[in-house]
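Trainee: Can you read through this structure? Questions will come right after.
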Amino acid sequence: MGTIRGVIFDKDGTLYDFEATWGRWTAELIAGLAQGDGELALRLADAVGFDLGGHRFDPESPVIAGTPDAAADLLGPHLPHLPRPALIARMNASAAGILPVEAAPLAPLLDGLRGRGLRLGVATNDAESAARAHLAVSGVAAAFDFIAGYDSGFGAKPAPGMLEAFVRATGLAAASVAMVGDSRHDLEAGRAAGMVTLAVLTGPATAEDLAPLADAILPDIGHLPGWLDARTATA
């Protein structure tokens with residue numbers, strides 16, 4: 001096994017706990033879009049696979065690993081009065097102001113990884129502006145050498161464009177980079193880029209869903225240093 005020299009993370013469900021971060025936000029977004037129309041709220045929730053009562057996504061929801069554009073395509077037919085660009089802008093602006101819930105304490109984890117000499121990146125299907133806002137709220141934006149969203153010009157996962165851009169930006173070999181994510185889209189992108197793929201269970205997907213695409217499965221990113229130590233010990 002080769003030495004890991006870089007790690008690129010998904011954001012939602014990986015750096016941040018998915019349900020804790022996005023459940024209430026989605027319920028509030030739907031309520032705002034429905035403007036008191038209970039039947040419309042239910043249709044909007046159904047369109048994106050969201051349980052309004054439980055503030056939880058169905059594990060098969062198409063928006064879990066999707067982009068804001070994809071979510072707008074699902075919501076838009078129920079909101080004919082709201083132009084698609086305006087809907088996307090509204091979602092992105094609202095998402096940028098969210099208070100994300102860290103899946104593990106990020107500052108000490110990232111400081112420790114950088115102390116090992118690792119180059120770090122983020123590749124998210126969220127907007128880059130929202131990603132930077134969330135990382136800034138956590139006080140960790142400066143820990144990353146590379147931050148890209150679906151709108152950064154490299155495409156969206158499961159295509160490997162963002163991951164390939166990270167390799168170009170850092171000069172690392174793809175095989176020396178671990179892609180850490182909570183969805184099949186993340187791991188498919190990592191495989192396509194030629195990276196080591198690590199799954200975490202802080203998103204809606206189960207271990208059984210992710211196992212076929214993962215070189216290892218961790219409970220959360222807090223277990224990453226232990227995985228790196230074990231890999232080094234057996235190299």
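Trainee: Using +1 on the beta carbon of Lys and Arg, -1 on that of Asp and Glu, and nothing else charged, what's the dipole of the chain about the Cα centre, debye to 20?
Mentor: 800
Trainee: Next question. Quick check: net charge around Pro68, other residues with Cβ under 12 Å of its Cβ, Lys/Arg +1 and Asp/Glu -1?
Mentor: Around Pro68, the surrounding residues sum to -4.
Trainee: Helix-derived [θ] at 222 nm for the chain: sum -39500 (n - 2.57) over DSSP H runs of at least 4, divide by residue count, nearest 500?
Mentor: -13000 deg cm²/dmol
Trainee: Jot down the radius of gyration and Dmax of the chain, Cα atoms only, both in angstrom.
Mentor: Every Cα atom of the chain included, Rg and Dmax give 17.7, 60 Å.
Trainee: About its Cα centre, how strong a charge dipole does the stretch 20-96 have in debye, to the nearest 20, once Lys and Arg get +1 and Asp and Glu get -1 at the Cβ?
Mentor: Dipole about the Cα centre, nearest 20: 240 debye.
Trainee: Report the normalised scattering of the stretch 118-235 as log10 I(q)/I(0) at q = 0.15 Å⁻¹, calculated by the Debye formula with identical scatterers on the alpha carbons.
Mentor: -0.66
Trainee: Additional query: Residues in the stretch 182-214 near a label at Asp58, defined as backbone nitrogen under 17 Å from the 7 Å Cα→Cβ point?
Mentor: Residues passing the 17 Å test: 204-206.
Trainee: Using the membrane-span-like helix rule (whole DSSP H runs, Cα extent along the own axis of at least 20 Å, mean Kyte-Doolittle hydropathy at least -0.5), which helices of the chain qualify?
Mentor: Qualifying helices, which must be both long enough and hydrophobic enough, are 18-34.
Trainee: D for the stretch 20-96, whole µm²/s, Stokes-Einstein with Kirkwood Rh over alpha-carbon pairs at 37 °C and 0.692 mPa s: what number?
Mentor: The estimated diffusion coefficient comes to 266 µm²/s.
Trainee: Per 5 Å bin, what is the whole-percent P(r) computed from every C-alpha pair distance within the stretch 35-146?
Mentor: The distribution over the stretch 35-146 is 2, 10, 16, 19, 18, 12, 9, 6, 4, 2, 0, given as percents.
Trainee: While we're on this one: Cut-off is 10 Å between beta-carbons; in what order do His223, His81, His185, His134 appear when sorted fewest neighbours first?
Mentor: Placing the least packed residue first, the sequence is His81, His223, His185, His134.
Trainee: Right, another one. Taking other Cβ within 10 Å of each residue's Cβ, how do Phe18, Phe9, Phe146 sort, fewest first?
Mentor: Details: Phe18 24, Phe9 28, Phe146 20.
Ordered by Cβ neighbours within 10 Å, fewest first: Phe146, Phe18, Phe9.
Trainee: Multiply the residue gap between Leu40 and Ala173 by 0.36 nm, knock off their C-alpha separation, and tell me the result in nm, one decimal place.
Mentor: Contour length minus the Cα-Cα distance gives 43.0 nm.
Trainee: Which is farthest toward the positive dipole end of the chain among Gly117, Pro83, Ala133, measuring Cα position about the Cα centre, with Cβ charges +1 (Lys, Arg) and -1 (Asp, Glu)?
Mentor: Of the candidates, Gly117 comes out farthest on the positive side.
Read-outs: derived from the displayed coordinates by stated rules, not from any lab. Quantities reported herein were computed from a predicted structural model and do not represent experimental measurements. All Cβ positions, glycine included, derive from the backbone under ideal geometry; neighbour counts span all protein chains shown.
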